[in-house]
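Chemist: One structure follows; several queries about it will come next.
The values are calculated or read from the model by the stated rules, or taken from the named source; none is laboratory data. Just so it is clear, the structure is predicted and the values come from calculations on it, not from any experiment. Note that we place each Cβ from the backbone using ideal geometry, even for glycine, and neighbour counts take in every protein chain shown.
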Amino acid sequence: MLKLFIFWGSWVWFPFAALCIWLVLSRRSLALRGTAAAVLAVSCVPAYARFIEPRLLVTHRETIILPGATQASPSIRIALFGDPHIGMFGHAMPIKRIVDRINSEKVDGVFLAGDLTYHPAPEDIPDDFADLGRLEAPLFAVLGNHDVGFPGDDLSDALFATLNEVGAVVVHNRAFETGLGGHDLIVSGASDLWQRRQDFAFSSSLPEGKPVILLTHNPDTALVVPETFRYDLMLAGHTHGGQVRIPGLYQKILPVTGPFDKELHHFDTPAGERLVYVTTGTGMVGLPMRFLMPPRVDILTIHLPE
């Protein structure tokens, strides 16, 4: 498989780099030494994307003011991450590091926007995600297209069992009234868009007057949410922010569909403006690389309407 060939074959870079360094330091012709130096410099870019950036976990902080709120309104702090893609690529950001980073932030809630897996051994799933049980704030989760068989195997049952074991609330096509940071709100969720099983019937019975957060995997869900469902903020992942973000080319390497890319979007609908926030993910698909888009946890301060 090409993906695994790139993953394992990339280790050839180290003896190749050693050869280039030897040539640069040798007493050979200036032209040969210069060529070796130039080739080494160019090769360092994909080597960085393969071996270094996927291991750099960054924290992005942003403030979001919900409709009807102001900067003086009460707020909650949440952590959002997605697309860990644990499985095929052994250098994907481990769940343990993500959990440690989130716990250090002392947030009120944690939201996991799907695509937990990338062709793992099903029997490894409980151990792969056991560290989610160490989160010190409530965890709300949905699955993504890679979790439910688009593409690959449908790992829904194993993932649901594991998420239940670690105490997560899976919000597929349902809503929960909860309290975060001392404030009442509704956390709702939609199953993966590509699975074609989204059902927003729950939205007809939601109580009035409470902020509604909608968690899903694919931000293009915003294009199909019924106009009658008035959520305040959608949280999503899926795009990886392009993953390999070469200016002008990243949308071709990992297509970013719809109007959504990363971070906060103000999305106009016939029913009014909607807020859609897209996290850029912590793992990888396709290429075992990230470039100019390191693994990231988003810490969001959300001001709520009073």
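Chemist: Can residue 29 be described as in the same structural domain as residue 214 (by TED's automatic domain parsing) and free of Cβ contacts under 8 Å to residues at least 24 places away in the same chain? Working first, answer last.
Modeler: Values: in the same structural domain as residue 214 (by TED's automatic domain parsing): no; free of Cβ contacts under 8 Å to residues at least 24 places away in the same chain: yes.
Here the answer is no, as residue 29 does not meet what is asked.
Chemist: May I pose another question? Could you count how many residues in segment 16-69 are touching a helix residue (DSSP H, G or I) at 6+ places or on another chain (Cβ under 7 Å) and within 30 Å of residue 102 (Cα to Cα)?
Modeler: Matching residues across segment 16-69 total 4.
Chemist: Step by step: first the residues of segment 189-233, then only those that are within 21 Å of residue 146 (Cβ to Cβ) and among the polar types (S, T, N, Q), then the one that is surrounded by the fewest Cβ atoms within 10 Å (Cβ to Cβ). Which residue is that?
Modeler: 198
Chemist: Which residues, taken from segment 52-78, are in a loop (DSSP other than H, G, I, E, B) and closer than 30 Å to residue 93 by Cα?
Modeler: In the first step, residues of segment 52-78 are kept if they are in a loop (DSSP other than H, G, I, E, B); the result is 56-57, 66-74.
Matches in segment 52-78: 56, 57.
Chemist: I would also like to ask the following. Can you find a residue in segment 65-76 that is in contact with a Lys or Arg (Cβ under 6 Å, 6 or more places away or on another chain), under 25 Å from residue 138 (Cβ atoms) and surrounded by fewer than 23 Cβ atoms within 10 Å (Cβ to Cβ)? Break it down stepwise before answering.
Modeler: Kept after step one, since they are in contact with a Lys or Arg (Cβ under 6 Å, 6 or more places away or on another chain), are these residues of segment 65-76: none.
Taking every residue of segment 65-76 in turn, none turns out to be in contact with a Lys or Arg (Cβ under 6 Å, 6 or more places away or on another chain), under 25 Å from residue 138 (Cβ atoms) and surrounded by fewer than 23 Cβ atoms within 10 Å (Cβ to Cβ).
Chemist: Okay, moving on. Let me spell it out: the conditions are (1) without any contact (Cβ under 8 Å) to a residue 60 or more places away in the chain; (2) under 23 Å from residue 276 (Cα atoms); (3) out of contact with any Lys or Arg (no Cβ under 8 Å at 6 or more places or on another chain); (4) not polar (S, T, N, Q), and residue 140 meets all of them except one. Which number is the exception?
Modeler: Unmet for residue 140, out of (1) without any contact (Cβ under 8 Å) to a residue 60 or more places away in the chain; (2) under 23 Å from residue 276 (Cα atoms); (3) out of contact with any Lys or Arg (no Cβ under 8 Å at 6 or more places or on another chain); (4) not polar (S, T, N, Q): (1).
Chemist: Go over the candidates 131, 184, 127 one by one and state the one that is within 18 Å of residue 94 (Cβ to Cβ), in contact (Cβ under 8 Å) with a residue 24 or more places away in the chain and surrounded by fewer than 22 Cβ atoms within 10 Å (Cβ to Cβ). Before you say what the answer is, go through the steps one by one.
Modeler: Details: 184 fails: within 18 Å of residue 94 (Cβ to Cβ); 127 fails: in contact (Cβ under 8 Å) with a residue 24 or more places away in the chain.
Exactly one of 131, 184, 127 is within 18 Å of residue 94 (Cβ to Cβ), in contact (Cβ under 8 Å) with a residue 24 or more places away in the chain and surrounded by fewer than 22 Cβ atoms within 10 Å (Cβ to Cβ), namely 131.
Chemist: Something else: Filter segment 116-126 for residues that are in contact with a helix residue (DSSP H, G or I) (Cβ under 9 Å, 6 or more places away or on another chain) and part of a helix (DSSP H, G or I) and give the result.
Modeler: 122, 123, 125, 126
Chemist: Would you confirm whether any residue within segment 120-135 is closer than 23 Å to residue 199 by Cβ and not small (Gly, Ala, Ser)?
Modeler: Of the residues in segment 120-135, the ones closer than 23 Å to residue 199 by Cβ are none.
For segment 120-135, residues closer than 23 Å to residue 199 by Cβ and not small (Gly, Ala, Ser): absent.
Chemist: Test residue 281 against the stated conditions and say whether it is among the small types (Gly, Ala, Ser), at pLDDT below 90 and in a loop (DSSP other than H, G, I, E, B). Step through it out loud before you land on a result.
Modeler: Numbers: among the small types (Gly, Ala, Ser): yes; at pLDDT below 90: no; in a loop (DSSP other than H, G, I, E, B): yes.
So residue 281 fails the test.
Chemist: Considering only segment 204-220, how many residues are hydroxyl-bearing (Ser, Thr, Tyr) and at pLDDT below 95?
Modeler: If we filter segment 204-220 for residues that are hydroxyl-bearing (Ser, Thr, Tyr), which is where we start, we get 204-205, 216.
Among the residues that remain, those that are also at pLDDT below 95 are: 204-205.
Count: 2.
Chemist: Can you find a residue in segment 86-100 that is outside any helix (DSSP H, G or I), among the charged types (D, E, K, R) and assigned by TED's automatic domain parsing to the domain that holds residue 125?
Modeler: If we filter segment 86-100 for residues that are outside any helix (DSSP H, G or I), which is where we start, we get 86-94.
Retained after the next criterion (residues that are among the charged types (D, E, K, R)): none.
Scanning segment 86-100 turns up no residue that is outside any helix (DSSP H, G or I), among the charged types (D, E, K, R) and assigned by TED's automatic domain parsing to the domain that holds residue 125.
Chemist: Right, another one. Counting only residues that are in a loop (DSSP other than H, G, I, E, B) and free of Cβ contacts under 8 Å to residues at least 40 places away in the same chain, how many does segment 206-224 have?
Modeler: Pass one, segment 206-224, residues in a loop (DSSP other than H, G, I, E, B): 206-211, 216-218, 224.
Checking the rest, the ones that are also free of Cβ contacts under 8 Å to residues at least 40 places away in the same chain come to 206-210, 224.
Qualifying residue count, segment 206-224: 6.
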